[in-house]
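First the structure, in the form of structure tokens, and then the observations on it.
The values are calculated or read from the model by the stated rules, or taken from the named source; none is laboratory data. Every value quoted in this text rests on a predicted model; they were computed, and no experiment measured them. Glycine gets a Cβ as well: all are built from the backbone with ideal geometry, and neighbour counts include every protein chain shown. Heads up: the accessible areas ignore ligands, DNA and RNA and are worked out on the full protein's heavy atoms, side chains in. Shrake-Rupley method; radii C 1.70, N 1.55, O 1.52, S 1.80 Å.
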Amino acid sequence: MNGFYTIVLLLASNVFMTLAWYAHLKLAEYTWFQKWPLIAVIALSWGIAFFEYCLQVPANRLGFSGTGGPFSLMQLKVLQEVITLTVFILFSIVAFHMQLRWNHVVAAFFLILAVYFVFGFK
């Protein structure tokens with residue numbers, strides 16, 4: 001069950017991470033936000049990132065084999081990267097109306113291969 005909770009927490013933490021890193025780019029479309037000084041935008045991003053860490057740290061503790069979880073450190077990192085890019089792709093499609101291109105699909109395929117290789121061999 002720790003593996004499931006790890007993945008759920010990593011998904012949630014990555015939503016906050018993506019918002020902390022990129023939401024200000026979307027908010028810049030609004031004139032009221034354009035007037036914010038950079039330090040205020042940084043403070044907003046830090047505030048959002050706080051919640052990312054509140055989810056990511058427990059996810060890694062629950063998931064890491066050294067603390068009783070099912071995943072090696074390398075497996076945790078690959079999971080994190082795949083989840084990060086999945087959340088980012090969804091965010092960029094929804095918020096920025098980006099279109100998936102063939103090279104994005106190829107990159108996703110290689111990420112799936114990375115998961116296979118990191119989990120498939122011991």
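Can you give me the angle between helix 2-27 and the longest principal axis of the chain, using Cα atoms only, in degrees from 0 to 90, rounded to the nearest 10?
Roughly 20 degrees, rounded to the nearest 10.
Note down, for the chain, the three equivalent ellipsoid semi-axes (square root of 5 times each alpha carbon gyration tensor eigenvalue), biggest first, whole angstrom. Spell out each step's value before the answer.
Values: eigenvalues 180, 81, 16 Å².
In descending order the semi-axes read 30, 20, 9 Å.
In degrees between 0 and 90, to the nearest 10, how far off the longest principal axis of the chain does helix 102-120 point, with axes built from Cα atoms?
Once rounded, the angle reads 40 degrees.
For the stretch 1-50, take N as its residue count and report Rg(C-alpha) divided by 2.2 N^0.38 Å.
That works out to 1.45 for the stretch 1-50.
Counting only chymotrypsin sites (Phe, Trp or Tyr not before Pro) that sit in a DSSP loop (anything but H, G, I, E, B) with at most 16 other Cβ atoms within 10 Å, what is the longest stretch of the chain containing none of them?
After excluding every exposed loop site, the longest remaining stretch is 31-120.
Return the long-range amide H neighbours of Met98 (sequence gap of 5 or more, or a different chain), with a cut-off of under 5 Å between placed amide H atoms.
Close amide H contacts, sequence-distant or interchain: Ile93.
What FRET efficiency, computed as 1/(1 + (r/R0)^6) with R0 = 41 Å and r the Cβ-Cβ distance, is obtained for Phe110 and Tyr5, rounded to the nearest 0.05?
0.90
Among Lys77, Lys35, Lys26, what's the order by accessible area (1.4 angstrom probe), most exposed first?
Putting Lys77, Lys35, Lys26 in descending order of accessible area: Lys35, Lys77, Lys26.
Once R0 is set to 22 Å, what does the formula 1/(1 + (r/R0)^6) return for the Cβ-Cβ distance between Gln34 and Leu90, expressed as a FRET efficiency to the nearest 0.05?
0.25
Relative to the first principal axis of the alpha-carbon coordinates of the chain, what is the inclination of helix 73-96, with its axis defined by its Cα atoms, in degrees from 0 to 90 and to the nearest 10?
Compared with the principal axis, the helix lies near 30 degrees.
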